[in-house]
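FYI, it's all coordinate maths here, none of it is from the lab. Source: prediction; values computed, not measured. Neighbour counts are summed over all protein chains in view; Cβ atoms, including those assigned to glycine, are modelled from backbone coordinates with ideal geometry.
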Amino acid sequence: MTSIKPLIAGNWKMHGVKAALAEVEAVKSRVTADSLNEHADIMFCLPATLLAPAAQLLTGTSVLLGGQDCHHLVSGAHTGDISAEMLADAGAAAVIIGHSERRTDHAESSKDVALKAQAAHDCNLQAIVCIGETKGERSAGLTLNVVKRQLRASLPNTVTSKNIVIAYEPVWAIGTGLTPSLNDVSEVHRVLRAELEDIVGSIEAQSIKLIYGGSVKPGNAKDILSLANVNGALVGGASLKSEDFLGIISSCKI
Ligand code: PGA
């Protein structure tokens, strides 16, 4: 297995006004002072309104920016939506696609997700595609079937190891403080890697970042990030405070 630099991506969701950029600034300062970017790629997926000012703040640093969703079209009469081109123009290098909150709140299907990921690729944005089972699906023993099905249906055929990140986020672990056992995370990531090998070929699949999300905190990050086939984390709540986020980033210094 090629060694993959982990990605620690913060997902701020619908949190944060300009004053919250002080947290981004604090992370930037520590990352720069302690060269934390040698151990991990660090990204903030911010509300769209904060991308341009954050881009200014992060100019000349290695800290990356991402959006949280994009429309599948480049432009048009779609009030309230945002295109991949707009995110790229504001300074994003990536965009989260198909987060479970989008799949639930906006009834996004895996087919929609694939179209959005394709739109991201067309604008040279990396697509962070999220998949994960619900509590009911896990209890029914359907986890592996669900994530395999979602993975295949959510990927456009423009996928390469560079333009995609897969985030395994069990829906029941998001924002709840609950996490699957380490064995369960390992098992899902192993199966996803094997699926990716089948989809894009084994060489390309070895370099795809497979990250875990769902109640990642400074206290559990090291154990999760040490697992084989876990190449980083998508962090919600704990990315809002610089100290917590830095605690997670620091656990990549293994
Ligand atoms: P959480 O969110 O870390 O607050 O559980 C993760 C996510 O939704 O990406």
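Which one is nearest to the chain's Cα centre (by Cα), of the residues in the stretch 115-137 that are over 21 Å from Cys45 (Cα atoms) and in a loop (DSSP other than H, G, I, E, B)?
Filtering first and then ranking leaves Glu133.
Select the strands (runs of 3 or more DSSP E) contained entirely in the stretch 1-77, then report the ones holding at least 3 residues which are within 16 Å of the ligand (Cβ to nearest atom) and over 19 Å from the mean Cα position of the chain (by Cα).
Ranges flagged: none.
Within the set of pairs 6+ apart or on separate chains, which have a first residue in the stretch 108-121 that is under 16 Å from Ala92 (Cβ atoms), a second that is of a type in the set (A, V, I, L, M), and C-beta atoms under 6 Å apart?
Close Cβ pairs satisfying both conditions: Lys116/Ile97; Ala117/Ile97; Ala117/Ala127; Ala117/Val129; Ala119/Ala84; Ala120/Ala84; Ala120/Val95; Ala120/Ala127.
Tell me, yes or no, whether the stretch 106-114 has at least one residue that is loosely packed, with under 15 Cβ neighbours inside 10 Å and in contact with a His (Cβ under 9 Å, 6 or more places away or on another chain).
no
Return the residue satisfying two criteria in turn: it lies in the stretch 138-171 and is assigned to a loop (DSSP other than H, G, I, E, B) and within 16 Å of the ligand (Cβ to nearest atom), and of such residues it is farthest from the chain's Cα centre (by Cα).
Checking each candidate, the answer is Pro170.
Which of the residues that make up the stretch 221-243 are within 11 Å of the ligand (Cβ to nearest atom) and more than 11 Å from Tyr168 (Cβ to Cβ)?
Of everything in the stretch 221-243, those that are within 11 Å of the ligand (Cβ to nearest atom) and more than 11 Å from Tyr168 (Cβ to Cβ) turn out to be Ala221, Val235, Gly236, Gly237, Ala238, Ser239, Leu240.
Mind telling me which of the residues Ala107, Ala92 ends up being in contact with a Gly (Cβ under 7 Å, 6 or more places away or on another chain), away from the ligand (no atom under 14 Å from the Cβ), in a loop (DSSP other than H, G, I, E, B) and not acidic (Asp, Glu)?
Residue meeting the stated conditions: Ala92.
Which of the residues belonging to the stretch 205-220 are more than 15 Å from the ligand (Cβ to nearest atom) and either in a helix (DSSP H, G or I) or without any contact (Cβ under 8 Å) to a residue 12 or more places away in the chain (or both)?
Correct list: Ala205, Gln206.
Select from the stretch 225-251 the residues that are under 18 Å from Leu46 (Cα atoms) and touching a Ser or Thr at 6+ places or on another chain (Cβ under 7 Å) and list them in ascending order.
Result: Phe245, single match.
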